[in-house]
Amino acid sequence: MHIGNYLGAVRNWVDLLDDYDGFYCIVDLHAITVQYDPRDLEQRVLDLAVGLLASGLDPERCTLFVQSSVPEHTELQWLLGTVTPLGELQRMTQFKDKSRDAESVNAGLLTYPVLQAADILLYLGERVPVGEDQRQHLELTREIARRWNARFGQVFPEPQPLILPHGKRILGLDGATKMSKSQGNTIPLLAEPDELHSLVRTAVTDPARVRKDDPGNPHVCNVFALHGHFSSSAERDDIEILCQTAGIGCVDCKNRLADNLAETLAPVRERARELADRPERVRQILAAGTASARSVARETIAEVRQRMGLSTSPS
Ligand code: SF4
C-alpha cells in the first residue's frame, strides 16, 4: 500500500465501518492479469492484508477476505459474461489504455470488468466506494445487473457509487500523475522515517521556483497538497505565506512534510509491525472473512443457478 491508497480509499472505508455491512476483498485474481511472479503473490496478499488491518479496517466490523478463496467469484463471472456485450468491454477506457502499447493482450484484461461486476453482485452490493477511474466499470456492473435481471428475474440490485468525502485523486511524487505503483511515483504507507525523507526529497515542486529566494506558488505544488493531509492547518497556513514570500526553501518545506508524515503514520507502522510478526493471526482473520463471505456467496450462486436453469451448486 502507498499513501495514495490510504488517503484516497482505505481511510474512507474505515469511516464507513459503522454505517455499512461492508465486504472488502484483496483482488488477487485481478492482480494476475498483468505480469507477476507467482513466488511473490502470497506474500503480497499477506502484506496488503497487514496494511489494510493496520490502517484500521477492523475485521470485527467488516468482512475482509482474499478474492480467490471464494470460488463463487469466478463462477458468477462466467455466468454474467453470458449477458455482457463484447463491445462494452472493448470500450472500457482502462482496457484501451492498458492494451494500447501491449505486444499481446490476454483475455483476462478484457474480461476484468465482468469479474469486478461479480465481486460486487455476488454480495448483492448496493453501494460501492469507487474512485473516479472506476466509475465506468461500475456503470458496466449496473448494465450487467439490468440485463441479467431482465432476462432471468430480479435478483441483483443496481449498485450505486458511494461518493467519498476524502476520495480525491492523490498525485504522486512527480506531481503530475495519480500516485500509482505502475508510475513509480509512490510513497509507501509503511516506509520508515529515513525512507520518507529520501522519497519526499525527490518530489516535484512549483516548477517556476528555481532558486530559494524566488517566491513560490504553493497552489501548483503537490508537496503543499500533501501538507494538507499530514500537517496541521496552522502549519499549512504558515507554509503558504512563507512559500509565497520566499521565506522557506523547498528542502525545508519537504523536511517538514516528511517529519509530519512519519509522525502521523507512526501508529499505522507500529500496528503493521505487530501484525507482520504474527502472520498466522493474519491468515486466521482472512480465513474467518472467507467463511463469512462464502456463506453469502453460496446463497447468491444457488439462486442464480436456479434462475438460469442450471443444476444446483455442488458446493
Ligand atoms: Fe512547494 Fe513548499 Fe517549495 Fe513552496 S516551499 S514550492 S509549497 S515545496
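The values are calculated or read from the model by the stated rules, or taken from the named source; none is laboratory data. Given the structure is predicted, the values throughout are model-derived calculations rather than measurements. All Cβ positions, glycine included, derive from the backbone under ideal geometry; neighbour counts span all protein chains shown. Just the protein is used for accessible areas: all its heavy atoms, side chains included, with ligands, DNA and RNA removed. Shrake-Rupley method; radii C 1.70, N 1.55, O 1.52, S 1.80 Å.
Between amide H atoms placed 1.01 Å from N, distances below 5 Å from residue 171 occur with 179, all of them 5 or more places distant or on a separate chain. Among 67, 116, 35, the largest mean-square fluctuation in a Gaussian network model of the chain (Cα springs under 10 Å) belongs to 35.
Averaging over all projection directions, find the projected area of the Cα convex hull of region 190-274 and quote it in nm² with one decimal place.
Numbers: hull surface 20.6 nm².
The number I arrive at for region 190-274 is 5.2 nm².
Can you put 65, 152 in order of accessible area, largest first, using a 1.4 Å probe? Mind dumping the intermediate values first?
Numbers: 65 0, 152 40 Å².
Largest accessible area first, the residues go 152, 65.
Extents of region 1-151, taken as max minus min of Cα coordinates on every principal axis and listed largest first, are 40, 38, 28 Å. Given their separation in residues at 0.36 nm each and the Cα-Cα distance between them, residue 259 and residue 287 gain 6.4 nm when the chain is fully extended. Could you name the lysines in cross-link range of residue 168, using Cα to Cα under 30 Å and dropping any fewer than eight places away on the same chain? Cross-link targets: 96, 98, 178, 181, 254.
Regarding region 1-42, what's the average projected area of the Cα-atom convex hull, expressed in nm²? List each step's numbers first, then the result.
Details: hull surface 15.9 nm².
Here the figure is 4.0 nm², rounded to one decimal.
What size of dipole, in debye to the nearest 20, comes out for the chain about its Cα centre when the only charges are +1 on Lys and Arg C-beta atoms and -1 on Asp and Glu C-beta atoms?
Values: 35 positive and 44 negative charges, 171 e Å.
Magnitude of the dipole: close to 820 debye.
Around the Cα centre of region 190-274, unit charges on the Cβ atoms of Lys, Arg, Asp and Glu (plus for the first two, minus for the last two) sum to a dipole of about 200 debye.
Put +1 on the Cβ of each Lys and Arg and -1 on the Cβ of each Asp and Glu in region 190-274; which of 272, 210, 196 then has its Cα farthest toward the positive end of the dipole? Positive-end residue among those listed: 210. For region 1-159, the fraction of 1.4 Å probe accessible surface lying on carbon and sulfur atoms is 48 percent. Amide H contacts of residue 26: 65, 66, 67, each under 5 Å away and 5 or more positions distant or on a separate chain (H built 1.01 Å from N in the peptide plane; Pro and chain starts excluded).
Considering region 215-264 at the alpha-carbon level, its Rg and Dmax are found to be 9.7, 29 Å. Taking one quarter of the surface of the convex hull spanned by the alpha-carbon atoms of the chain gives a direction-averaged projected area of 18.1 nm². Placing a pseudo-label 7 Å from each Cα along the Cα-to-Cβ vector at residue 299 and residue 106 gives an inter-label distance of 3.4 nm.
Given the peptides 93-104, 224-235, 301-312, arrange them by the average over their residues of other C-beta atoms within 10 Å, most packed first. Spell out each step's value before the answer.
On the way: 93-104: 10.7, 224-235: 16.5, 301-312: 14.2.
Final packing ranking: 224-235, 301-312, 93-104.
Among the helices of the chain, those built from whole DSSP H runs whose Cα atoms reach 20 Å or more along their own axis and whose mean Kyte-Doolittle hydropathy is at least 1.0 are 107-121. The residues of region 190-274 expose on average 53 square angstrom of accessible surface per residue, using a 1.4 Å probe on protein heavy atoms. Ignoring any ligand, DNA or RNA, what whole percent of the accessible area of region 190-274 comes from carbon and sulfur when the probe is 1.4 angstrom? Summing carbon and sulfur atoms, their accessible area is 54 percent of the total for region 190-274.
At a temperature of 4 °C and a viscosity of 1.567 mPa s, determine how fast region 43-129 diffuses translationally according to Stokes-Einstein, using the Kirkwood radius over alpha-carbon pairs as Rh; express D in µm²/s, rounded to the nearest whole number. For these conditions, the coefficient is 86 µm²/s.
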